[in-house]
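Asker: Before anything else, here's the structure in question.
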Amino acid sequence: MYVSTGSKTQTVNICTEVNRRTIYESVYELDIRQKVTEEQVAQRNDLAELRAWLESLGGFDRGPRGDEAPAGQPKREPRLIGVDVDDEWFDSARRVVEVAIDSLVLEFIDFPYLHRVEHSLHARLYGILAAHPIFAHLLPIGDTGYSTQPVHKEWPETTAREAKAGRRGNFDLAILSRRQLESATLDDFREGRIAAAIVIEMGLDYGFDHLNQDHDKLINSNVSAGYLVDLVRKRPADDRTEHLVLNPNANVKTAYARHAPTGECVYKTVGESELRRRG
């Protein structure tokens, strides 16, 4: 285990069983103000205690890093639990998610300043989803004796992106299925080694580049059911944004609302194929 200190963050890097720097099974990122030392790390009795301690300090596991295998050894492929898209639950869950997103969009149309920042919108949508009976229950994590919930904030991306320097970033909101969790270990869960069944990426008052990056993020992880929600206040139209909103990747659905400087609102709910206008 190695501690790396940068200008704004620290990372605690946990090596794989080959015990080689640059190949880590987990990389915990912490605020630089925590001032974690390697001596403190070495004082933990085992890996589970170390993880719990780092998380108590606000550390977040960014997942594995480095895929170069030592000479003569095969590349280490992390375990990943996929989603069964033929599961009846999956179709029902998608319908609930789409209704929830539409309700958020319609609320934004009526009250564009109900939320100041994007994270508040995340919390609002999380609350809508978590309150629905299909998601409002605990799910056992394998045979560990622990349980979790289906809806998660900041769930790790399935696949790392070049833009993240080979690391996995996080999805804004993600939903896990009962079947996935039935076969999961605690490490699968803690390391985010479960391919989120449903993923939602949101933006508030961003331009095209942010929307396009979120779109690429969903495609890169080959998300089975991805949703882009783009909400904008007091901005003129951007043809690139509206083209993407109307023509996303096949596995991605979109919702959109833009309050123009003129007072007009242009919007699209998840199931619609054209933009609508409200004066």
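Asker: Only residues that are in contact (Cβ under 8 Å) with a residue 24 or more places away in the chain and assigned to a loop (DSSP other than H, G, I, E, B): list them for region 99-151, please.
Answerer: Of everything in region 99-151, those that are in contact (Cβ under 8 Å) with a residue 24 or more places away in the chain and assigned to a loop (DSSP other than H, G, I, E, B) turn out to be 112, 113, 115, 117, 132, 134, 135, 141, 142, 144, 146, 150.
Asker: How many residues does region 204-252 contain that are among the hydroxyl-bearing types (Ser, Thr, Tyr) and within 15 Å of residue 171 (Cα to Cα)?
Answerer: First, the residues of region 204-252 that are among the hydroxyl-bearing types (Ser, Thr, Tyr): 206, 221, 224, 227, 241.
Cutting the leftovers down to within 15 Å of residue 171 (Cα to Cα) gives us 221, 224, 227.
Summing the residues that are among the hydroxyl-bearing types (Ser, Thr, Tyr) and within 15 Å of residue 171 (Cα to Cα) in region 204-252 gives 3.
Asker: Is there a residue being surrounded by 15 or more Cβ atoms within 10 Å (Cβ to Cβ), under 30 Å from residue 261 (Cβ atoms) and of a type outside the set (Lys, Arg) anywhere in region 126-134?
Answerer: Within region 126-134 (the criterion being surrounded by 15 or more Cβ atoms within 10 Å (Cβ to Cβ), under 30 Å from residue 261 (Cβ atoms) and of a type outside the set (Lys, Arg)), the answer is yes, since at least one residue qualifies.
Asker: When region 35-50 is examined, which residues are found to be loosely packed, with under 15 Cβ neighbours inside 10 Å and either touching a Pro at 6+ places or on another chain (Cβ under 8 Å) or on the phi < 0 side of the Ramachandran plot (or both)? Before you say what the answer is, go through the steps one by one.
Answerer: Looking only at region 35-50, we keep the residues that are loosely packed, with under 15 Cβ neighbours inside 10 Å, and these are 35, 37-39, 42-43, 45-49.
Across region 35-50, the qualifying residues are 37, 38, 39, 42, 43, 45, 46, 47, 48, 49.
Asker: Quickly run through region 157-174 and pick out the residues that are within 20 Å of residue 120 (Cα to Cα) and crowded, with 22+ Cβ neighbours inside 10 Å.
Answerer: The answer is 171, 172, 173, 174.
Asker: Among the listed residues 177, 183, 147, identify the single one that is farther than 29 Å from residue 278 by Cα, touching an Asp or Glu at 6+ places or on another chain (Cβ under 9 Å) and hydroxyl-bearing (Ser, Thr, Tyr).
Answerer: On the way: 183 fails: touching an Asp or Glu at 6+ places or on another chain (Cβ under 9 Å); 147 fails: touching an Asp or Glu at 6+ places or on another chain (Cβ under 9 Å).
177 is the lone residue from the list that is farther than 29 Å from residue 278 by Cα, touching an Asp or Glu at 6+ places or on another chain (Cβ under 9 Å) and hydroxyl-bearing (Ser, Thr, Tyr).
Asker: Looking at 214, 230 in this structure, which one is in the same structural domain as residue 193 (by TED's automatic domain parsing), within 20 Å of residue 109 (Cα to Cα) and in contact (Cβ under 8 Å) with a residue 12 or more places away in the chain?
Answerer: Working: 214 fails: within 20 Å of residue 109 (Cα to Cα).
The conditions single out 230.
Asker: Select, from 239, 205, the only residue that is among the acidic types (Asp, Glu) and without any contact (Cβ under 8 Å) to a residue 12 or more places away in the chain.
Answerer: Working: 205 fails: without any contact (Cβ under 8 Å) to a residue 12 or more places away in the chain.
On inspection, the qualifying residue turns out to be 239.
Asker: Buried (at least 22 other Cβ atoms within 10 Å of the Cβ), in the same structural domain as residue 140 (by TED's automatic domain parsing) and either among the aromatic types (Phe, Trp, Tyr) or over 23 Å from residue 253 (Cα atoms) (or both): is that true of residue 192 in this structure? Before the answer, list the steps.
Answerer: Values: buried (at least 22 other Cβ atoms within 10 Å of the Cβ): yes; in the same structural domain as residue 140 (by TED's automatic domain parsing): yes; either among the aromatic types (Phe, Trp, Tyr) or over 23 Å from residue 253 (Cα atoms) (or both): yes.
Considered against the rule, which asks whether it is buried (at least 22 other Cβ atoms within 10 Å of the Cβ), in the same structural domain as residue 140 (by TED's automatic domain parsing) and either among the aromatic types (Phe, Trp, Tyr) or over 23 Å from residue 253 (Cα atoms) (or both), residue 192 comes out as yes.
Asker: Could you tell me which numbered condition residue 111 fails, if it satisfies all but one of (1) loosely packed, with under 11 Cβ neighbours inside 10 Å; (2) under 21 Å from residue 177 (Cβ atoms)?
Answerer: Going through the list (1) loosely packed, with under 11 Cβ neighbours inside 10 Å; (2) under 21 Å from residue 177 (Cβ atoms), residue 111 breaks only (2).
Asker: Output yes when any residue across region 237-255 is within 13 Å of the chain's Cα centre (by Cα), closer than 17 Å to residue 93 by Cβ and either in a loop (DSSP other than H, G, I, E, B) or not hydrophobic (A, V, I, L, M, F, W, C) (or both), and no when none is.
Answerer: Checking region 237-255: not a single residue is within 13 Å of the chain's Cα centre (by Cα), closer than 17 Å to residue 93 by Cβ and either in a loop (DSSP other than H, G, I, E, B) or not hydrophobic (A, V, I, L, M, F, W, C) (or both).
Asker: For residue 180, are the conditions met, namely being touching a residue at least 60 places away in the same chain (Cβ under 8 Å) and outside the structural domain of residue 46 (by TED's automatic domain parsing)? I'd like the intermediate steps shown before the answer.
Answerer: Numbers: touching a residue at least 60 places away in the same chain (Cβ under 8 Å): yes; outside the structural domain of residue 46 (by TED's automatic domain parsing): yes.
Against the criterion (touching a residue at least 60 places away in the same chain (Cβ under 8 Å) and outside the structural domain of residue 46 (by TED's automatic domain parsing)), residue 180 qualifies.
The values are calculated or read from the model by the stated rules, or taken from the named source; none is laboratory data. Quick caveat, the model's predicted, so the values are computed rather than measured. Cβ atoms come from the backbone with ideal geometry, glycine included; neighbour counts cover every protein chain shown.
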